[in-house]
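The values are calculated or read from the model by the stated rules, or taken from the named source; none is laboratory data. Only a predicted model underlies this, so the values are computations on that prediction, with no experimental measurement involved. Here the Cβ is made from the backbone with ideal geometry for all residues, glycine too, and neighbour counts use every protein chain on show.
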Ligand SMILES: *[C@@H]1O[C@H](CO)[C@@H](O)[C@H](O)[C@H]1NC(C)=O
């Protein structure tokens, strides 16, 4: 009887083996365009950055495979391998193996112990981006930086998303933002897309592509990565000599006090904005300015004295 059972068991073994094999489907090696495509589809992608002749990569391989097989039922997440050196550089990966996790197209660097269980937790707990993106329109409302009626402390990185040098910083910034979660808000401002913020904080793009800031006269010009820490109506500009998770975290949680605090530049007035090309056509809108202009015209039409609205203001 026992022998017969054993026979049945033996018959089932290859099937069980096959099931395990399918579940642990080996992560595919992707090139640059394949990775981009997957990320741009909005998939969550866990990418193991490896290279040849890397003993640590070989040791880590089975752990990565184990993490992949534990999450095999999550159809929105893909585990992949990336060897292409250009892709490593583009995402600021300097050591192998390294894991980047793309969610909502935003990569975050994995900094925990390289063990399957840690990776699984990380993938499940970090499903959306930690860094906010601030715009000309949302900055003041969200940060309340100038009023000091604070929504908490903000660490803001000024960058240009069209530049590789800027994109390289994102995975590390994201990892720092995760550590700073519930303590300091972390955000980026794209200085090209948000010209008013760039001007307000005097962040310029130099021809070399480096971002610099000058706070009026007598203060140093920074080269990127440029951070501003906004706290209680003051801001602290800082150029990190070293861009890694612990440097960013320690700057945001206190080191910034070593840099000089200056009052937060106030937002430019709507009248200022009106002068710019961006706001051509603004005249048609119902604003204080257009109303005053209308009243002045009315007065003039009535034969009264010409009212100079600007002087009145
Ligand atoms: C990436 O791989 C795809 C599919 O194998 C291939 O069609 C494409 O040419 C490759 N791209 C590059 C840049 O090597």
For this session: For segment 82-97, state whether one or more residues are modelled with pLDDT of 95 or more and within 13 Å of residue 27 (Cα to Cα).
Result: yes
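Matching residues to (1) part of a helix (DSSP H, G or I); (2) at pLDDT 85 or above; (3) out of contact with any strand residue (DSSP E or B) (no Cβ under 9 Å at 6 or more places or on another chain):
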{"residue": "129", "(1), (2), (3)": "no, yes, no"}
{"residue": "137", "(1), (2), (3)": "no, yes, yes"}
{"residue": "141", "(1), (2), (3)": "yes, yes, yes"}
{"residue": "145", "(1), (2), (3)": "no, no, no"}
{"residue": "149", "(1), (2), (3)": "no, no, yes"}
{"residue": "158", "(1), (2), (3)": "no, no, no"}
{"residue": "162", "(1), (2), (3)": "no, no, no"}
{"residue": "165", "(1), (2), (3)": "yes, no, no"}
Exercise. Are there any pairs, at least 6 apart or on different chains, whose C-beta atoms fall under 6 Å, with the first in segment 249-260 and in the same structural domain as residue 235 (by TED's automatic domain parsing) and over 18 Å from residue 175 (Cα atoms) and the second crowded, with 19+ Cβ neighbours inside 10 Å and at pLDDT 75 or above, and if so, which?
Worked result: none
Seminar exercise, completed: In segment 98-113, residues that are buried (at least 18 other Cβ atoms within 10 Å of the Cβ) and either over 22 Å from the mean Cα position of the chain (by Cα) or not assigned by TED's automatic domain parsing to the domain that holds residue 43 (or both) total 0
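Check every one of the helices (runs of 4 or more DSSP H) wholly within segment 18-107 and list those with 3 or more residues that are away from the ligand (no atom under 16 Å from the Cβ).
On the way: elements: 32-40, 55-70, 85-90.
Answer list for segment 18-107: 55-70.
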Exercise. Out of all the residues in segment 176-183, is one or more more than 15 Å from the chain's Cα centre (by Cα) and surrounded by 14 or more Cβ atoms within 10 Å (Cβ to Cβ)?
Worked result: no
